[in-house]
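This report concerns only the one structure given below.
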Amino acid sequence: MVKPSMCTRSGQFENNKLQSNLFLQKLSANNYSEELNQLIDSYKSNNKATQIISKIDEQFKKITDDINTSLIDDSDEIKCCRDINYYIDLVSAIVKSSKILPKHIQDNLISHVEQKWNEVPKVKHIDECKGKIDLDSISKRCILKQLHDLVEDKNFIRGFPDEYEKYLIEKWSKIIAYTNIFYGNLFIKIENDSMGIIGPYSDILNSTDYICDAGSRKLNLDDITISTDIDSLINTISLEKISANDSNRECYNKTYIDMLKKKTSDIQRVNNHLSIGIALLGFTLILIFLYKFSPLGSLLRRFAKKKIEIDENMNEEEISELYDNSENERQYISYNSVSQ
């Protein structure tokens, strides 16, 4: 693999010098999008897609030239796959976002660009390279490429932070616009034992905040979750994946850390309530045991039994006294009645 270039402020920011563009040196996402859109616009007048296909073929030929020049060993294959997927995703986003092209023409163009996998040189495991073309898979792939690209371009980012952020906007704008058509506000959760990031999809793609060397090396598509409901992502944060020994704070954004603290606090609160409940239950069981099986329990039972007997005797005496009083009252009433 070509070694990454060192970049200082004394140089000039050039897209084709970025290490992340090793296999896309001749692709300017912004210019290419404009050129492709112009050809798509021309479809209104000529109803022909041949010029669009020619443009796709022309650009892909430049990419294969870069691969032939720069792909040196097997370790470059994964990066090469990411770059080709990016190009295909970019074309798909431009074509499918068009309101000019009929649906069958869109499908034909997407099918044509997907066939370009058969022309990729040097890559041995093409089937493993090919990404699914559904929107969820595209979104996850773009996040994965972004995080890897930031690591590869970190020297340029330090030297040209403003220029690089502008470059990111050009790089991802078409794909973000395409995603927004179907999803609107899309949120991303990135989580493994070295990374924890939650935020809007577009913010992550346009940010240089997440340069995570170790985290990116371990990252795969299964670690990325997408949703239009940020609360659903927050609820799935895993306490098991957080690494106590990870000191790289750049790999955990503020939203993730705040939500992690909240979830930990909620769990602690539930545990406290459970502890109190268990303690009360234990105390109750101890009292029951003492009452039934200990000498103190026997004494309490005898005392309770004696008290019941006393209460019963008192009740009998009270009832008897009430009965006697009632009889005396009747006799008194009878005597008075006779006297009168």
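The values are calculated or read from the model by the stated rules, or taken from the named source; none is laboratory data. All values reported here derive from a predicted model rather than from experimental measurement. Note that each Cβ is placed from the backbone with ideal geometry, even for glycine, and that neighbours are counted across all protein chains shown.
Could you please find all residues in the range 89-104 being charged (D, E, K, R) and either on the phi > 0 side of the Ramachandran plot or surrounded by 18 or more Cβ atoms within 10 Å (Cβ to Cβ) (or both)? Matches in the range 89-104: Asp89, Lys96. In the range 207-223, of all residues being in a loop (DSSP other than H, G, I, E, B) and over 15 Å from the mean Cα position of the chain (by Cα), the one that is surrounded by the fewest Cβ atoms within 10 Å (Cβ to Cβ) corresponds to Asp209. Total residues in the range 25-78 satisfying the condition of being of a type in the set (A, V, I, L, M, F, W, C) and touching a Leu at 6+ places or on another chain (Cβ under 8 Å): the figure is 7. At pLDDT 85 or above and not assigned by TED's automatic domain parsing to the domain that holds Val95: is that true of Glu240 in this structure? No; evaluated as a whole, the condition is false for this residue. Criterion applied to Asp149, Asp203 was being in a helix (DSSP H, G or I), touching a residue at least 12 places away in the same chain (Cβ under 8 Å) and on the phi < 0 side of the Ramachandran plot, and the one residue passing it is Asp149. So, of the residues in the range 111-128 that are surrounded by fewer than 17 Cβ atoms within 10 Å (Cβ to Cβ) and of a type in the set (Lys, Arg), which turns out to be nearest to Thr69 (Cα to Cα)? Within the range 111-128, the match that is nearest to Thr69 (Cα to Cα) is Lys122. Taken together, Leu71, Leu109 contain a single residue that is more than 21 Å from Ala29 (Cα to Cα), of a type outside the set (Asp, Glu) and touching a helix residue (DSSP H, G or I) at 6+ places or on another chain (Cβ under 6 Å), which is Leu71. Of all the residues in the range 102-119, those that are more than 21 Å from Cys129 (Cβ to Cβ) and more than 34 Å from the chain's Cα centre (by Cα) number 3. Per the listing Ile198, Ile226, Ile176, the residue uniquely crowded, with 16+ Cβ neighbours inside 10 Å and closer than 18 Å to Lys254 by Cβ is Ile198.
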